[in-house]
Each structure stands twice: as C-alpha cells, then as structure tokens.
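*Asks:* Shown below is the structure under consideration.
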C-alpha cells in the first residue's frame with residue numbers, strides 16, 4: 001500500500017458532511033483527486049461541505065490518464081473509473097467505497113481501502129482520539145455502515161460499537 005492516495009467522491013462527501021475531511025489529508029503523504037471526481041463533487045448543492053472544500057482548493061486535482069480497456073469493461077461510473085485508472089498507472093492506493101469498484105480494483109491488483117479503513121488508520125496514527133465517535137458522526141450524516149463489519153473493525157483497535 002502506498003502513502004499516496006487517489007480518492008473517490010463518496011469518501012470525500014461523507015467525511016466532509018461529518019466534519020472529518022481532514023482525516024484524508026492527515027492519513028497519507030499526498031491526496032490526489034481526479035478531475036472527474038472533482039467535477040462530480042462540484043455538481044453537488046452549493047451548501048455541500050465537500051463542494052465547498054473542493055472549490056476552495058482542497059486536495060490535489062489531477063488529470064486522468066488514458067483508461068485501459070480492461071477497466072472500461074467493468075462499466076463503472078466516471079469517477080470510479082478515473083480513480084482506478086490513475087491508481088493503476090501510478091501504482092497508488094485508492095480510497096473508494098463502491099463495492100463494484102473495489103471488486104474491480106482487487107481483480108486488477110490495485111490497492112483499495114474504504115472510508116472505514118481511513119478512520120481506523122487515523123485512530124492508529126493518533127489523529128483522532130476515537131474512531132467510534134467518527135463512525136457515529138458518519139452514520140448520522142447518512143453514510144451506511146454495517147454493524148457487524150464496524151464492530152469487528154473497531155475490535156482491532158480496542159474500541160467498541162455501542
């Protein structure tokens with residue numbers, strides 16, 4: 001896993017809504033946002049915190065390289081495709097929650113983590129005092145989290161899930 005991450009829209013949107021967007025930048029050395037992902041986020045409502053962050057220059061926006069045919073065959077969204085294409089070309093880690101995109105990443109040998117892993121990493125790096133609190137904040141803004149998955153993940157860092 002590299003310390004340069006390529007991020008998709010849903011982790012940015014969810015973490016921004018939960019007021020924890022800083023976890024992405026502070027958990028890796030560099031954070032890349034493909035232009036297709038930035039465009040998707042900027043299409044959100046004007047009051048959306050993710051849109052406001054991207055408009056103000058948050059993250060490092062990059063152009064998407066040519067998309068390999070093996071990736072196009074998956075029929076993913078524009079953002080997911082751009083994230084995976086960039087990660088494949090530069091051998092980077094993706095931050096992506098979409099299950100089909102994660103399956104594609106796995107099949108193509110691309111490192112992929114989700115929002116839950118970002119939160120756990122932030123706790124391990126002592127960026128946050130409680131992963132449980134951040135995950136509850138994510139849930140409060142509508143981010144889906146499976147209770148059993150969260151419970152098992154939190155056990156690995158010595159925390160519990162209510």
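FYI, it's all coordinate maths here, none of it is from the lab. The model shown is predicted, which means the values in this text are computed figures rather than measured ones. In this analysis, Cβ positions are derived from the backbone assuming ideal geometry, glycine residues included, and neighbour counts consider all displayed protein chains.
*Asks:* Take the chain, connect every pair of alpha-carbon atoms lying under 10 Å apart with a spring to form a Gaussian network, then pick out the residue of 139, 51, 102 with the largest mean-square fluctuation.
*Replies:* 139
*Asks:* Within 10 Å of each residue's Cβ, count the other Cβ atoms and sort 97, 133, 3 from fewest upward.
*Replies:* By the 10 Å Cβ count, ascending: 3, 133, 97.
*Asks:* Starting from the Cα of residue 157, step 7 Å along the direction of its Cβ; do the same at residue 103; then give the gap between the two resulting points in nm.
*Replies:* Reported label-point gap for residue 157 and residue 103 is 2.8 nm.
*Asks:* For residue 73 and residue 25, FRET efficiency with R0 = 45 Å and r from the beta-carbon atoms, rounded to 0.05?
*Replies:* After rounding to 0.05, the efficiency reads 0.85.
*Asks:* Continuing with this model, one more query. How far is helix 131-140 tilted, in degrees, relative to the longest principal axis of the Cα atoms in the chain, given as a value from 0 to 90 rounded to the nearest 10?
*Replies:* 70 degrees
*Asks:* Where Rh is the Kirkwood radius over the Cα pairs of region 1-91, the temperature 4 °C and the viscosity 1.567 mPa s, what D in µm²/s does Stokes-Einstein return?
*Replies:* Using the Kirkwood radius from Cα pairs, D works out to 97 µm²/s.
*Asks:* For a quick check: sort 64, 104 by the number of other beta carbons within 10 angstrom, fewest at the front.
*Replies:* 64, 104
*Asks:* How large are Rg and Dmax for the chain when only the alpha carbon atoms are used, in Å?
*Replies:* Reported Rg and Dmax, both Å: 15.1, 45.
*Asks:* For each of 80, 40, 30, count neighbouring Cβ atoms within 10 Å of the residue's Cβ, then give the residues from fewest to most.
*Replies:* 30, 40, 80
*Asks:* Let me ask something additional. What number, in percent, do you get for the relative contact order of the chain if the mean sequence gap of Cα pairs under 8 Å and at least 6 apart is divided by its residue count?
*Replies:* With pairs under 8 Å counted, the relative contact order is 26 percent.
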